[in-house]
Amino acid sequence: MKTTIIKASALLILSMSAGALNAQEREDNVTQVANVRPYDQSGINVFEAPKDTNAFFNKLKVKFGAGFTQSFQGLEHTNASGGLYNISPGFNTANANLYMDTQLADGILLNLTSYLSSRHHNETWVKGGYIQFDKLPFKGQIWDDIMKIATIKVGHMEINYGDQHFRRSDGGQTIYNPFVENYIMDAFTTEIGGEILLRKNDLFGLVGVSNGMIKGNIDELSPSPQGENTNKSPSLYLKGGFDKQLTELARVRLSASYYTNSSSGGLTLYGGDRTGSNYFMAMERAGGTYSVNAFSGRLNPGFSKKIEALQLNGFVKASGLELFATYEAANGRTKNETSDRKATQFAADAVYRFGIEEKLFVGIRYNAVAARLANVAAAGANPGIVYNDDIKVDRIAFGAGWFLTRNILLKAEYVKQQYKDIPAADYRNGGEFKGYMVQAVVGF
């Protein structure tokens, strides 16, 4: 009798445990917010957000995430004429992002991203938000078939031009970037519009339309002495490519992106970052401020009225070695110009990740830009300078990092950036900055 009671009790406990585990498993499935790029180490080398049409849904769920970055800077800068901002080693303003992802319905996601603190703005403000459809709330096999390969995004969002923006630092979210700063010519912006992404086997293609500006704008455009064109055109951008996991340890991705707008009230493709550079006051003049001179080390070609841009990207991962390259060519003008100018950019990264779960990495990046600026005062330059030829800026950076956990990263970088072929009257003539950066990063 005693043995029977013991056996029955054991069976009861096992049944209850199994039931609890099954309930927990069901609950985990229920509470999952699907098709979001992870904000921790597992989000590295994720480009477009994953697509899972089998995710379980039974009610609205909300998930919060965040990105925090604290930097220590040890840079120094020089130029030919002097008058630079006095900098010394010290901590930069901490950056922080807040993410809210909400599963509104089966296959329908809402994202809202806020900058809690940044160099450009210390106060909290919204980066943008969008609705993502991986399923449509329509009955019919045709809609199910379409949405097996389609993802639709609508809102005020980071547009999917190029692959470089998937590897950049964005305010407090710097965990995807193996280096400290972004490209010299930083193609990143948030615009109001919509995108349709199609993925089939290893191929993908995207078409997007936006307002071409970082914010809403209903202002009537005024003519300028250089032209009577007062039309406001939408921006059109296209993307296509190939992404294949060749073996368990080898992956290849190639993509091409195109962005165009023939007439706008204020294009911001190369000036859409509202957080600022991670190189505080590098190559800035005396009298500047962190917020006004927020984009130190970058070069915006100033294509605010008209633009045409092409970005080619290649990514290869073989075991722990990653190679990522970018070629970019753009042309355009401001409303005060009559002819187009051009700008070109090349960048290449080599990163080697090693150790258990690739917790450690080292890397090197080379980045070079050649651009002809407008024949007016360039941002941060002296007024009235005529730029008859291309100016050149190049940078080399050596980086290393250690993931203490998949949410905590410590990384460091040595950087050297030089300004070449700059007019003598421009304060950046003979300019150079170099030194080290250390960042502590949290992402979840």
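The values are calculated or read from the model by the stated rules, or taken from the named source; none is laboratory data. In this text the structure is predicted, and so the values were computed from the model without any measurement. Virtual Cβ from ideal backbone geometry, glycine too; neighbours counted across all protein chains shown.
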(Q) It is to be established whether one or more residues within the stretch 170-187 are over 30 Å from Leu75 (Cβ atoms), touching a residue at least 40 places away in the same chain (Cβ under 8 Å) and in contact with a strand residue (DSSP E or B) (Cβ under 6 Å, 6 or more places away or on another chain). (A) no
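Results for (1) modelled with pLDDT of 95 or more; (2) within 20 Å of Tyr414 (Cα to Cα); (3) in contact with a helix residue (DSSP H, G or I) (Cβ under 6 Å, 6 or more places away or on another chain), shown as yes or no for each residue.
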residue: Val62; (1), (2), (3): yes, no, no
residue: Phe68; (1), (2), (3): yes, no, no
residue: Asn79; (1), (2), (3): yes, yes, no
residue: Asn111; (1), (2), (3): yes, no, no
residue: His120; (1), (2), (3): no, no, no
Q: Output the number of the condition that Tyr130 fails; it satisfies all remaining conditions of (1) under 19 Å from Ser257 (Cβ atoms); (2) without any contact (Cβ under 8 Å) to a residue 40 or more places away in the chain; (3) within 15 Å of the chain's Cα centre (by Cα).
A: (3)
Q: Considering only the stretch 304-318, state which residues are out of contact with any Lys or Arg (no Cβ under 6 Å at 6 or more places or on another chain) and modelled with pLDDT of 95 or more.
A: Ile307, Glu308, Ala309, Leu310, Gln311, Leu312, Asn313, Gly314, Val316, Ala318
Q | Odd one out for His165 among (1) under 21 Å from Glu328 (Cβ atoms); (2) touching a Gly at 6+ places or on another chain (Cβ under 8 Å); (3) not basic (Lys, Arg) | A | (2)
Q) Quick one: which of Phe72, Phe57 is more than 21 Å from Thr174 (Cβ to Cβ), surrounded by fewer than 19 Cβ atoms within 10 Å (Cβ to Cβ) and not hydroxyl-bearing (Ser, Thr, Tyr)? A) Phe57
Q) Out of all the residues in the stretch 264-309, which are in contact with a strand residue (DSSP E or B) (Cβ under 9 Å, 6 or more places away or on another chain) and surrounded by fewer than 17 Cβ atoms within 10 Å (Cβ to Cβ)? A) Ala286, Glu308
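Here's the yes/no breakdown for (1) touching a strand residue (DSSP E or B) at 6+ places or on another chain (Cβ under 8 Å); (2) surrounded by fewer than 19 Cβ atoms within 10 Å (Cβ to Cβ); (3) at pLDDT below 95:
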| position | (1), (2), (3) |
| --- | --- |
| Val376 | no, yes, yes |
| Ala381 | no, no, yes |
| Lys392 | yes, yes, no |
| Trp402 | yes, yes, no |
| Arg406 | no, yes, no |
Q: Working only within the stretch 413-438, note down all residues that are touching a residue at least 40 places away in the same chain (Cβ under 8 Å), assigned to a strand (DSSP E or B) and either surrounded by fewer than 21 Cβ atoms within 10 Å (Cβ to Cβ) or aromatic (Phe, Trp, Tyr) (or both).
A: Tyr419, Glu432, Phe433, Lys434, Gly435, Tyr436, Val438
Q: Return the total of residues in the stretch 398-412 being under 21 Å from Phe68 (Cα atoms) and in a strand (DSSP E or B).
A: 10
Q: Restrict the check to the stretch 174-186 and report whether at least one residue is part of a strand (DSSP E or B) and either of a type outside the set (Phe, Trp, Tyr) or more than 13 Å from the chain's Cα centre (by Cα) (or both).
A: no
**Q.** Top-ranked residue in the stretch 75-124 [being among the charged types (D, E, K, R) and under 23 Å from Gly287 (Cβ atoms); ranked as surrounded by the fewest Cβ atoms within 10 Å (Cβ to Cβ)]
**A.** Glu76
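One line per residue, one yes/no per condition, for (1) closer than 28 Å to Phe315 by Cα; (2) out of contact with any strand residue (DSSP E or B) (no Cβ under 9 Å at 6 or more places or on another chain); (3) touching a residue at least 60 places away in the same chain (Cβ under 8 Å); (4) not acidic (Asp, Glu):
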| site | (1), (2), (3), (4) |
| --- | --- |
| Lys139 | no, yes, no, yes |
| Glu158 | yes, no, no, no |
| Arg199 | yes, no, yes, yes |
| Ser222 | no, yes, no, yes |
Q) What pairs can you find where one residue is in the stretch 354-376 and farther than 21 Å from Ala325 by Cβ, the other is β-branched (Val, Ile, Thr) and part of a strand (DSSP E or B), and their Cβ atoms are less than 7 Å apart, with a gap of 6+ or different chains? A) Leu373/Ile391
**Q.** Qualifying position, being out of contact with any Lys or Arg (no Cβ under 6 Å at 6 or more places or on another chain), more than 24 Å from Ser291 (Cβ to Cβ) and surrounded by fewer than 18 Cβ atoms within 10 Å (Cβ to Cβ), among Ile131, Ile149, Ile192
**A.** Ile131
Q: Would you check which residues across the stretch 247-294 are over 30 Å from Asp202 (Cβ atoms) and without any contact (Cβ under 8 Å) to a residue 40 or more places away in the chain and list them?
A: Thr289, Val292
Q.
Could you list, ordered by first residue, the pairs with Cβ atoms under 6 Å in which the first is in the stretch 39-53 and in contact (Cβ under 8 Å) with a residue 40 or more places away in the chain and the second is surrounded by 18 or more Cβ atoms within 10 Å (Cβ to Cβ) and of a type in the set (Gly, Ala, Ser), at least 6 apart or interchain?
A. Tyr39/Gly65; Tyr39/Gly443; Asp40/Gly443; Asp52/Ala34
Q. Which residues, taken from the stretch 408-434, are of a type in the set (Val, Ile, Thr) and modelled with pLDDT under 95?
A. Ile422
